[in-house]
Every structure is written in C-alpha cells, then in structure tokens.
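Some notes on the structure that comes next.
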Amino acid sequence: SVLLLWPLLAQSATYTVPSGSANNSSCSNIGTILYAVNNCARNPGDIIDIRAGSYPEQLHGGINANWASGSSWSNPITIRGHAGERVVINPSASGDFFDIIYVAPGQASFLSFENLEVTGENLQMHQGGNIMRFEQDARVIGCLLRNHLPLDPYNGQPFPPHSDGVLAGPNVTVHNTEIHHTLYGIYLSKDNSMVENSYIHDTGGYGIH
C-alpha cells in the first residue's frame with residue numbers, strides 16, 4: 001500500500017472591523033483593529049478590512065501589537081481601509097506616546113497598509129513619535145499620513161520634535177501616499193526602499209531624508 005501525506009496549508013481569510021456586535025469576543029465579532037491584528041490576521045494572505053470610522057488606536061509592536069508575517073509580496077498580510085470609505089486611525093492623547101503604527105525589528109515582514117488615514121493630531125508636544133515605523137518589508141499604499149501640529153511663527157513650519165510620516169528600514173515601498181505636517185515626510189534609514197507617486201508637503205525638515 002502507498003500512504004500519501006499532503007501538507008495542510010492555512011487558508012487566507014478576510015476579517016472585517018468592526019463586525020458582529022463589535023465587542024472583541026471572536027474573529028467574527030471584532031471591535032478594534034488591534035484585536036484583529038493580535039488574534040485574527042495570523043496567516044499569509046490574511047486581510048483586515050476596516051470599515052469607515054475613526055479608530056482611537058495605537059498599533060505598536062513594542063507595546064501592544066503582535067504582528068504576524070506574510071510570506072511574500074504575492075502573499076502579504078494586508079491592513080486596509082474598505083474601498084471607497086474613510087478610515088482614520090487617530091490615537092487619543094494620553095501618557096507617553098511613540099509611533100502610532102510600529103513593526104519592531106524581526107517581528108514581522110510583508111505587511112501592506114492600504115487606504116488608511118493615520119494622524120497624530122491629538123498628540124501633544126511631549127508625545128511626539130512617528131506616524132508609521134517599519135524595520136523591514138512593508139508597503140504603504142494610497143494612505144494619508146498627517147499631523148495638525150503647532151507652527152513655528154518664524155518659519156510657518158511645525159515645531160520639532162515631532163513625528164516623521166514614515167520611518168523606514170530596508171525594503172519598504174511608499175506609493176500613492178500623501179504626507180504633511182510632519183517633521184520629515186519620510187526618513188529612509190536602510191537600503192532598497194522606494195517612494196513613488198506620492199505628495200509630501202508642509203514638513204518641518206526634509207520631504208525625504
């Protein structure tokens with residue numbers, strides 16, 4: 001007789017935020033983006049599809065977010081605003097704050113952030129961080145990253161120290177994205193990254209550094 005063993009492959013899934021009664025009880029009843037990140041989108045190809053609304057959340061890999069990895073750019077984990085809807089991630093100002101969306105070194109790769117508006121407009125001077133910070137293999141597509149920061153009366157630019165729009169490690173793509181009222185628009189700290197078809201304006205320092 002011949003015994004054939006077939007590998008069991010996890011099936012990709014789409015998780016809607018919010019869903020059900022939105023009380024974070026299961027992956028069919030999700031109330032927050034963070035719950036979907038930590039408990040639901042755990043396999044390559046998974047999608048977190050976020051419906052219109054304002055989400056007062058911080059998704060920080062060093063504090064509360066346990067990001068999972070995609071396997072490649074043909075099979076990433078995608079965190080996206082629902083097509084045609086405005087999704088705003090806008091944390092409340094409380095306590096110390098650093099980075100609104102952060103994927104820590106070695107934590108996860110092949111994450112795609114799409115059609116999101118991410119703002120630090122509620123953060124105060126002492127709470128500056130980055131809008132998005134990635135150490136490796138991330139994409140930002142069709143997003144709006146912004147602050148409404150106090151302006152220096154001498155030059156009309158945001159007071160430092162404040163967040164960069166994107167602080168990026170290697171292999172990061174920023175595409176079709178608008179960034180404004182940040183310190184730097186994008187700070188590329190490592191190799192093999194690409195910025196294309198994007199609009200960066202009203203920054204306190206360089207547009208791309």
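Under 5 Å between amide hydrogens, built in the peptide plane, is the criterion, and for T14 it picks out I47 among residues at least 5 positions away or on other chains. Couplings 3J(HN,Hα) of segment 29-36, computed from phi: 9, 9, x, 10, 4, 4, 4, 5 Hz, in residue order, whole Hz [Karplus 6.51 cos²θ - 1.76 cosθ + 1.60, θ = phi - 60°; x for Gly and Pro]. Using the 1.4 Å probe convention, the accessible area of segment 160-209 works out to 48 Å² per residue with neighbouring protein chains retained.
Sorting 26-35, 39-48, 179-188 by average packing, meaning the other beta carbons within 10 Å per residue, from highest down gives 179-188, 39-48, 26-35.
In sequence order, segment 13-27 has phi-based couplings of 9, 10, 10, 9, 10, x, 9, x, 8, 6, 10, 6, 9, 6, 7 Hz under the Karplus curve 6.51 cos²θ - 1.76 cosθ + 1.60, θ = phi - 60°, and Gly or Pro positions carry x. The amide H of H209, built 1.01 Å from its N in the peptide plane, has I186, Y187, L188 as neighbours under 5 Å, considering only residues 5 or more places off or on other chains.
Which of the three applies to segment 31-78, rounded, prolate or oblate, going by the alpha-carbon gyration tensor with a ≥ b ≥ c and a/c under 1.5 meaning rounded? Judged from the Cα gyration tensor, segment 31-78 comes out oblate (a/c at least 1.5, b/c at or above a/b). Between A65 and H60, the built amide H atoms are under 5 Å apart, and every one of these is 5 or more places off in sequence or on another chain. Computed from backbone phi, the HN-Hα couplings of segment 62-73 come to x, 10, 9, 9, 9, 5, 9, 9, x, 9, 5, 6 Hz, rounded to whole numbers (Karplus: 6.51 cos²θ - 1.76 cosθ + 1.60, θ = phi - 60°; Gly and Pro given as x).
The values are calculated or read from the model by the stated rules, or taken from the named source; none is laboratory data. Quick caveat, the model's predicted, so the values are computed rather than measured. Positions of Cβ are backbone-derived with ideal geometry, glycine not excepted, and every protein chain shown enters the neighbour counts. Just so you know, the surface numbers come from the protein's heavy atoms only, side chains and all, with ligands and any DNA or RNA stripped out. Shrake-Rupley method; radii C 1.70, N 1.55, O 1.52, S 1.80 Å.
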